[in-house]
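J.: Okay, here's the structure, questions in a sec.
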Amino acid sequence: MMSDIEIATAATLRPITEIAESLGIATEHLVPYGHDKAKVDPVYLASLADRPLGRLILVTALSPTPAGEGKTTASVGLTDALHGMGHRTVACLREPSMGPVFGLKGGAAGGGYSQVVPMTDINLHFTGDFAAIAAANNLLAALIDNHVHHGNELDIDVRSVTWKRVLDTNDRALREVVVGLGGPLNGFPREDGFDIVVASELMAIFCLTESWADLKRRIGDIVIGYSRAGAPVTARDLGADGAMAVLLRDAIAPNLVQTLEGAPAFVHGGPFANIAHGCSSVMATRAGLRLADYVVTEAGFGADLGAEKFVDIKCRMSGLRPDVAVVVATVRALKYHGGVALADLETEDLGAIEAGMVNLRRHLDNLREVHGIPCVVAVNRFPSDTDLEVAKVVELTEGYGVPAYAATHFTDGGVGAEDLAKGVLQVLDEPRPSSFSLTYPDDATLTEKVEAVAGRVYGAGQVTWDGKARKRLARIERDGFAHLPVCIAKTQYSFSTDPSLLGAPTGHELRVREVRLSAGAGFVVVICGDMMTMPGLPTHPAANRIDLADDGSIIGLS
């Protein structure tokens, strides 16, 4: 089988105007970026406000493993299957960050014969959204230091500045830096640091905003630090909100591309699923729901992180409600959670599958009982999976009251996900009262909100707080932000904060080491364990195999 980039390069793409026309979007409402990608005018999208919404399909997964589960691939495969069956369907996916593209994960446009294209463009620069976010983010950082340099009228305590600079590259050397060195002409020295673009609060704002006015309001609400009297200082106080909004004016228009099989896809925004909510933009999702009968979207990492944040942050703020959740599982992941070493995952082991089902069942319980969302399991089949293993997963899942379907979209495209698509449609057609539920109410305290997620979703026995985190939490509540939802940042590999604790642990401790206020985005970030907002590169980064051929073609991107 050809590599991902070979498959994508060999594909014949339809003109983006034809993809838009399939959704009823006239060419005049497009801002083309070449022949095969375009932005859709926000003014046009706002004119669709009276249209009824389609059905929202949320793709999530069991706890991820180093073996890979293929959530984006499953999202694209399901989209292609529904599209191929004659249903007007749109995929709404996140934009890849170049940090992981050149780091450990590689590209994030799907894989095999279930990809969004043009794959190289989507993975590298795309329409410049991330560059615009980085520019706006760093403009605010520059305005902070410039304000202090020119007299500090707001009396900013430079020791309290929380706003960091960003870039879209993994670079551990920039996590902690000192700026302003070199004498009086260069400002006042202070400790600073860099985050990756997708960890910026501005990225979260970008994905939660629904208009230019809302964008500017949210940017103005950003708290960059505190005065020496202890009062919050905002981007609005610095007069930064207008210029920052200008830099993002065009970027907030959703990006329209296509799958290998010609289904439309919005690829827009890409917040980390740890430090932020891990979902593509609300604007793209709502646009898809007004233009299509079915929207397939995904949430980052496993359901304990991605789906919980999709519900408690994105749905809480937007009013959107998923009609069904597709939980991606693999034979390999279940065996890994059942105790099989990574090197032995290709050996048939029905007992390990049964042992690893505890992880999948916990996610299904959370989605059905905590969030009230009906579920379907997609068994993403790998070549090493045996028929007995796949049948075992289906048997165990259906025995738990959830329909399961094996899917081979990676090798077969949309046809390989048709059984899954039919199963999803069947669940959507079943009459049932709405039981959608948030994990906690708005009026709970921030501590109660963290405890609710820890206990109800993670199975934790207790939440403990480092002294610094407890003081920061008290200050956030004192400043009037107790009503905000919480965004818990922890490892994606376990329900706990220990990535080696597989399966479905209970009674563990959730230790909070840091709390950050994202007032513009509208949530409070609670950092647990060893989470980093600026990743480092691995021993053998993907950058070492990516190259430019003499004919100008890109090779090694996957």
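J.: Hey, how many Å between the Cα centroid of the range 375-452 and the Cα centroid of the range 74-139?
T.: Each part reduced to its Cα centre gives a spacing of 22 Å.
J.: Another one. Using the alpha-carbon centroid of each, what span in Å lies between the range 469-532 and the range 213-244?
T.: With the range 469-532 and the range 213-244 each reduced to a Cα centre, they are spaced 23 Å.
J.: Only Lys, Arg, Asp and Glu count, each charged at its Cβ (+1, +1, -1, -1), so figure out the dipole size of the range 120-247 about its Cα centre, rounded to 20 debye.
T.: Details: 11 positive and 18 negative charges, 40 e Å.
For the range 120-247, the charge dipole is close to 200 debye.
J.: Arrange the residues SER434, SER75, SER211 by how much accessible surface each exposes, largest first, with a 1.4 angstrom probe. Display every interim value, and only then the final one.
T.: Numbers: SER434 110, SER75 0, SER211 45 Å².
Correct descending sequence by accessible area is SER434, SER211, SER75.
J.: Take the alpha carbon gyration tensor of the range 421-558, find the square roots of its eigenvalues, order them as a ≥ b ≥ c, and report rounded if a/c is under 1.5; if not, report prolate when a/b exceeds b/c, else oblate.
T.: Details: a/c = 1.90, a/b = 1.31, b/c = 1.46.
Judged from the Cα gyration tensor, the range 421-558 comes out oblate (a/c at least 1.5, b/c at or above a/b).
J.: I'd like the accessible area for TYR440: 1.4 Å probe, protein heavy atoms, all chains in place, Å² to the nearest 10.
T.: Approximately 10 Å² for this residue.
J.: List every residue whose amide H lies under 5 Å from the amide H of LEU23, counting only residues 5 or more places away in sequence or on a different chain, with H placed 1.01 Å from N in the peptide plane.
T.: When sequence neighbours closer than 5 places are left aside, there are no close amide H contacts.
J.: Rolling a 1.4 angstrom probe over the protein heavy atoms, how many square angstrom per residue are accessible across the range 127-280? Can you show the working numbers first?
T.: Values: 5590 Å² over 154 residues.
It amounts to 36 Å² per residue over the range 127-280.
J.: Which length gain, in nm to one decimal place, applies between GLU28 and GLU514 when the Cα-Cα distance is subtracted from 0.36 nm times their residue separation? Don't jump to the answer; show the numbers that get you there.
T.: Values: separation 486, 0.36 × 486 = 174.96 nm, distance 4.78 nm.
My answer for the length gained is 170.2 nm.
J.: Around HIS409, under 11 Å between beta carbons, what's the net of Lys plus Arg minus Asp minus Glu among the other residues?
T.: Working: positive: ARG381; negative: ASP80, GLU261, ASP412, GLU418, ASP419.
Local charge sum for HIS409: -4.
J.: May I pose another question? Rounded to the nearest 5, what % of DSSP beta bridges with both residues in the range 464-558 are antiparallel?
T.: If we restrict to bridges inside the range 464-558, about 55 percent are antiparallel.
J.: Hey, another quick one. Just reorder ASP530, ASP365 by solvent-accessible area, largest first, 1.4 Å probe, all chains present.
T.: Details: ASP530 135, ASP365 35 Å².
Solvent-accessible surface, decreasing: ASP530, ASP365.
J.: Can you pull the one-decimal nm distance between simple spin-label points at ASP214 and LEU139, each 7 Å off the Cα toward Cβ?
T.: Each label point is offset 7 Å from its Cα along the Cβ direction, giving 2.1 nm.
J.: Over the range 12-98, what relative contact order in percent results from Cα pairs under 8 Å that are six or more residues apart?
T.: Details: 45 pairs, mean separation 13.4, N = 87.
Rounded, it is 15 percent for the range 12-98.
J.: Where Lys and Arg each count +1 and Asp and Glu each count -1, what net charge lies around ARG361 among other residues with Cβ under 12 Å from its Cβ? If you can, show how the numbers build up before the last one.
T.: Details: positive: ARG362, ARG368; negative: GLU354, ASP365, GLU369.
Local net charge: -1.
J.: What is the sum of charges around LEU396, taking Lys and Arg as +1, Asp and Glu as -1, for the other residues whose C-beta is under 12 Å from the C-beta of LEU396? Mind showing how you got there, number by number?
T.: Values: positive: ARG361, LYS392; negative: GLU354, GLU389, GLU395, GLU398.
Neighbour charge sum, excluding LEU396 itself: -2.
J.: Could I ask something else about it? Under a 5 Å amide H to amide H cut-off, with H placed in plane at 1.01 Å, what residues pair with CYS375 once short-range neighbours are removed?
T.: For CYS375, the qualifying residues are ALA325.
J.: Would you mind working out the magnitude of the charge dipole of the chain relative to its Cα centre, with +1 at each Lys and Arg C-beta and -1 at each Asp and Glu C-beta, to the nearest 20 Debye? Please list the in-between numbers first.
T.: Details: 49 positive and 68 negative charges, 317 e Å.
Computed about the Cα centre, the dipole is about 1520 debye.
J.: Please label the shape of the range 19-154 as rounded, prolate or oblate, based on the square roots a ≥ b ≥ c of the eigenvalues of the alpha-carbon gyration tensor (a/c under 1.5 means rounded; beyond that, a/b larger than b/c means prolate, else oblate).
T.: Oblate, because a/c is 1.5 or more while a/b does not exceed b/c.
J.: Calculated from DSSP H runs of 4 or more alone, at -39500 (n - 2.57) each and per residue, what is the 222 nm mean residue ellipticity of the chain, nearest 500?
T.: Details: 18 runs with 175 residues, N = 558.
Helix-only estimate at 222 nm: -9000 deg cm²/dmol.
J.: Report relative contact order for the range 463-537 in percent, whole number only (criteria: Cα-Cα under 8 Å, sequence separation at least 6). It would help to have the intermediate numbers written out before the result.
T.: Details: 113 pairs, mean separation 27.0, N = 75.
Result for the range 463-537 is 36 percent.
J.: If one takes the longest principal axis of the Cα atoms in the chain, at what angle in degrees, from 0 to 90 and to the nearest 10, does the Cα axis of helix 446-456 lie?
T.: 20
J.: How many nm separate the modelled label positions at HIS149 and GLU18, each set 7 Å beyond the Cα in the direction of the Cβ?
T.: 5.3
J.: Which whole-number percentage describes the relative contact order of the range 226-270, with Cα contacts under 8 Å and a sequence gap of 6 or more?
T.: Working: 21 pairs, mean separation 9.1, N = 45.
Relative contact order here is 20 percent.
J.: Mind grabbing the accessible area of ILE7 for me, 1.4 Å probe, Å², rounded to tens?
T.: 10
J.: Which links in LYS164/LYS490; LYS71/LYS164; LYS37/LYS71; LYS392/LYS422; LYS449/LYS471; LYS216/LYS309 stretch past 27 Å when you go from one Cα to the other? Walk me through the numbers on the way to the answer.
T.: Details: LYS164/LYS490 20 Å; LYS71/LYS164 31 Å; LYS37/LYS71 23 Å; LYS392/LYS422 21 Å; LYS449/LYS471 17 Å; LYS216/LYS309 23 Å.
The pairs that break the limit, which is 27 Å between Cα atoms, are LYS71/LYS164.
J.: Here's another thing I want to ask about it. Can you give the % of DSSP beta bridges in the chain that are antiparallel, to the nearest 5? Provide the component values of the computation, followed by the final result.
T.: Working: 28 of 65 bridges.
Antiparallel: roughly 45 percent of the beta bridges in the chain.
The values are calculated or read from the model by the stated rules, or taken from the named source; none is laboratory data. Please read all numbers here as calculations on a predicted model, not as lab measurements. Note that we place each Cβ from the backbone using ideal geometry, even for glycine, and neighbour counts take in every protein chain shown. In case anyone asks, the SASA skips ligands and DNA or RNA and just uses the protein heavy atoms, side chains included. Shrake-Rupley method; radii C 1.70, N 1.55, O 1.52, S 1.80 Å.
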